[in-house]
1. Just wondering, is there one or more residues in segment 99-116 that are farther than 22 Å from Pro44 by Cα, small (Gly, Ala, Ser) and not in a strand (DSSP E or B)?
2. May I ask you to list pairs of residues, at least six apart or on different chains, whose Cβ atoms are under 7 Å apart, with the first in segment 223-242 being acidic (Asp, Glu) and at pLDDT 95 or above and the second being in a helix (DSSP H, G or I) and surrounded by 15 or more Cβ atoms within 10 Å (Cβ to Cβ)?
3. Take the residues in segment 137-165 that are within 22 Å of Ala95 (Cα to Cα) and modelled with pLDDT of 95 or more; name whichever of them is surrounded by the fewest Cβ atoms within 10 Å (Cβ to Cβ).
4. If you scan segment 109-154, which residues turn out to be in contact with a strand residue (DSSP E or B) (Cβ under 7 Å, 6 or more places away or on another chain) and of a type in the set (D, E, K, R)?
5. Specify the residue that is modelled with the lowest pLDDT; the eligible residues are those in segment 198-222 that are hydrophobic (A, V, I, L, M, F, W, C) and farther than 22 Å from Asp105 by Cβ.
6. Since Ser153 meets every condition but one in (1) within 21 Å of the chain's Cα centre (by Cα); (2) farther than 27 Å from Asp125 by Cα, which condition does it not meet?
7. Scan (1) outside any helix (DSSP H, G or I); (2) within 18 Å of the chain's Cα centre (by Cα) for the single condition Gly178 breaks and write down its number.
Amino acid sequence: MDSLHASAPDASAHKHGGPLTATLHDLQHIFRDRLEAFVAFGQPNAAPAPSVALVRTLTSDDLVACAARASAWHRAGSATPLLLTIDEFAGSLDAFPVEFGEIIDTHRVLFGVDPFAGLSIRAGDLRRACEVQVKSHLLHMRENFVECGARPSAVAALVTDSAPAFALLLRRLAQLDGHAAATNVDLGAFAERRPRLDPRVVGDVLALSSGESAGIDPAKLFPAYLAAVEQLAHFIDAWKLA
């Protein structure tokens, strides 16, 4: 598998921006004809809603104008959009293959034409980035556990806050390995079959990443979650792309 390719945009997203509607309106006013595309990405129900604005040029005055509207965007449920040119995005695929790969695969065009058509992530870049991020995830989990004094409430926050990053890494690894990654069920099956992670632990972490915490005690989950991340680090060390 040599690359991950851009998916087609969700046509319905052109009409339904949700919490991003006000953000788009402001960006159109600020950038006018320099705004080439505006896309949402990630889970459709993510809060705050993430987005990317692709612009022809970007100046310090533009940043000042955006800064003046940021509080209003946040109140409306929109995260601060990522602002960059299409050349900057395309030229950074090797630097941010995990993050930009997620944007490419999950984007929904709200304005303009699809800015990612024809763009792809190289498998080698993605594999190296996954290795760095898995090991960074492991080191930060250990460090943050010690720093929080092992207090249950802080450990629970640590586990919950780190769950989306774990889910993203697992998605990228599954897709790179040629496995389905559209749902948490898909990811759980991949995690059990390939890196041989405990499916119950992975299922709980993925549920937390989706905001589904019913019946899950994040603090008690920490030891098994940490063991799963350790196992994932061993897996990627030994992993050789076909």
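The values are calculated or read from the model by the stated rules, or taken from the named source; none is laboratory data. This structure is a prediction, so every number in the text was calculated from the model and none was measured. In this analysis, Cβ positions are derived from the backbone assuming ideal geometry, glycine residues included, and neighbour counts consider all displayed protein chains.
1. No; the residues of segment 99-116 include none that is farther than 22 Å from Pro44 by Cα, small (Gly, Ala, Ser) and not in a strand (DSSP E or B).
2. Glu230/Leu138
3. Per the criteria, the residue is Leu139.
4. The one that is in contact with a strand residue (DSSP E or B) (Cβ under 7 Å, 6 or more places away or on another chain) and of a type in the set (D, E, K, R): Arg122.
5. Top of the filtered list is Ala214.
6. (1)
7. (2)
Okay, residues lined up against (1) of a type outside the set (Asp, Glu); (2) in the same structural domain as Glu230 (by TED's automatic domain parsing); (3) touching a residue at least 60 places away in the same chain (Cβ under 8 Å):
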{"residue": "Phe41", "(1), (2), (3)": "yes, no, yes"}
{"residue": "Ser51", "(1), (2), (3)": "yes, no, no"}
{"residue": "Ser60", "(1), (2), (3)": "yes, no, no"}
{"residue": "Ser71", "(1), (2), (3)": "yes, no, no"}
{"residue": "Gly77", "(1), (2), (3)": "yes, no, no"}
{"residue": "Leu110", "(1), (2), (3)": "yes, no, yes"}
{"residue": "Glu131", "(1), (2), (3)": "no, yes, yes"}
